[in-house]
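The values are calculated or read from the model by the stated rules, or taken from the named source; none is laboratory data. Computed from a predicted structure; not experimentally measured. Glycine gets a Cβ as well: all are built from the backbone with ideal geometry, and neighbour counts include every protein chain shown.
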Amino acid sequence: MTIEIGPLRLDEAEALVELAGRVWRAHYPSIISAEQIEYMLAQRYKPGLVRQLLARGDLWLAAREQGILVGFAHGHTLEQGDFKLDKLYVDTGWQRRGVGGALIAEVARRAREHGFTRLVLRVNRQNRQAIEAYLKHGFTVATLIVEDIGGGYVMDDYVMVKGMEPS
């Protein structure tokens, strides 16, 4: 297994949307309703939106094995001066094999290069698997946010942070 991590290519937007859908539909039914999954996927995962965020300058990283997309991460600057790890997903067959950790490390490396000293993320409070992974990689729980996202749905999340030494 040789995982290569690098910038997401514009022509991978469709594959990213398909991968996100597979992961969400496999992982989230025990956490949120199928209706909320589809609502959130429709809001966050459209090829045009991915390309728009790439054009804006957001960080999109792809994890590839023999050229096939097996995971991705998305991050951007927050107004408070922190760097947000906004999305991190690994295909179900590649989970627990170091891909997520490699993506976190690369996001952190790139954020540090630009002077950021903290990574921030949000994770559903019921998503035990992800919370354990983030704790393993040095994140701590900072606070709780319950946010109405429309459609009668809420996000019930922990905000987690990871301090980083400047490079």
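Residues that are in a strand (DSSP E or B) and of a type in the set (D, E, K, R) were ranked within segment 109-167; the one that is surrounded by the fewest Cβ atoms within 10 Å (Cβ to Cβ) is Asp148.
Selection of segment 67-85 for residues being in contact with a Lys or Arg (Cβ under 8 Å, 6 or more places away or on another chain) and among the acidic types (Asp, Glu) yields only Asp82. For segment 46-74, the tally of residues that are within 16 Å of Thr92 (Cβ to Cβ) and either touching a Pro at 6+ places or on another chain (Cβ under 9 Å) or in contact (Cβ under 8 Å) with a residue 40 or more places away in the chain (or both) stands at 6. Within this structure, Gln66 passes the test of being modelled with pLDDT under 95, of a type in the set (S, T, N, Q), over 15 Å from the mean Cα position of the chain (by Cα) and closer than 18 Å to Leu19 by Cα. Evaluate the following for Arg25: is it surrounded by fewer than 17 Cβ atoms within 10 Å (Cβ to Cβ), farther than 25 Å from Arg125 by Cα and not aromatic (Phe, Trp, Tyr)? No; evaluated as a whole, the condition is false for this residue.
Determine if segment 84-93 includes at least one residue that is at pLDDT below 95, in a helix (DSSP H, G or I), touching a Pro at 6+ places or on another chain (Cβ under 7 Å) and surrounded by fewer than 18 Cβ atoms within 10 Å (Cβ to Cβ). No: segment 84-93 contains no residue that is at pLDDT below 95, in a helix (DSSP H, G or I), touching a Pro at 6+ places or on another chain (Cβ under 7 Å) and surrounded by fewer than 18 Cβ atoms within 10 Å (Cβ to Cβ).
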